[in-house]
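Worksheet for the structure shown next.
The values are calculated or read from the model by the stated rules, or taken from the named source; none is laboratory data. Given the structure is predicted, the values throughout are model-derived calculations rather than measurements. Glycine gets a Cβ as well: all are built from the backbone with ideal geometry, and neighbour counts include every protein chain shown.
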Amino acid sequence: MISSQRFENAKVKSFTRLVNIQTQHPNYEHYILVCQSGKCNNGENVPSVLEELKKQLEEKNLIDKVFFSAVPCLGICSDAVNIYVYPTSKSNTGTIYSTVNPNDITTILQEHIENGNIVEELLTKIVD
Ligand code: FES
């Protein structure tokens, strides 16, 4: 169960990680940060998600537009794998997706990155 307080902490942690990465890699249109800590790294999903991201970004010719990286904890430590995708549509916010597995990468790239739509079924659940 994720409290709204915990979700706020997750947003802060995720955004802090993003700002640090954007400072070092400023020339990308989108950023995808994949948590590789704790529960998110319990099993094969993190390496598989990263591998699938790289493969599909290369296939779609998006590798120079979309930065992706494994990062430390994003602050939502259940429902792994958690990833942070920035920006969301034309706004200056990001989106945290949970329970991401390699099969979800096609949908995230097509819907969020290419079409600017949030992938509702993967959104982190906010439970009070
Ligand atoms: S361990 Fe992945 S979000 Fe905290």
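Of V34, V81, all but one fail to be within 15 Å of the ligand (Cβ to nearest atom) and either modelled with pLDDT under 95 or outside any strand (DSSP E or B) (or both); the exception is V81. If you go through the stretch 1-31 and keep only what is modelled with pLDDT of 90 or more, part of a loop (DSSP other than H, G, I, E, B) and hydroxyl-bearing (S, T, Y), you end up with just Y28. Here is the figure for the stretch 72-84: residues that are β-branched (V, I, T) and surrounded by fewer than 21 Cβ atoms within 10 Å (Cβ to Cβ) total 0. Considering the stretch 37-62, and only residues there that are surrounded by 15 or more Cβ atoms within 10 Å (Cβ to Cβ) and not in a helix (DSSP H, G or I), the residue that is nearest to the chain's Cα centre (by Cα) turns out to be S37.
Does the stretch 46-57 contain any residue that is within 14 Å of the ligand (Cβ to nearest atom) and touching a Lys or Arg at 6+ places or on another chain (Cβ under 6 Å)? No, the conditions are met nowhere in the stretch 46-57. Might you let me know whether the stretch 95-102 holds any residue that is of a type in the set (G, A, S), surrounded by fewer than 17 Cβ atoms within 10 Å (Cβ to Cβ) and within 9 Å of the ligand (Cβ to nearest atom)? No, because not a single residue in the stretch 95-102 is of a type in the set (G, A, S), surrounded by fewer than 17 Cβ atoms within 10 Å (Cβ to Cβ) and within 9 Å of the ligand (Cβ to nearest atom).
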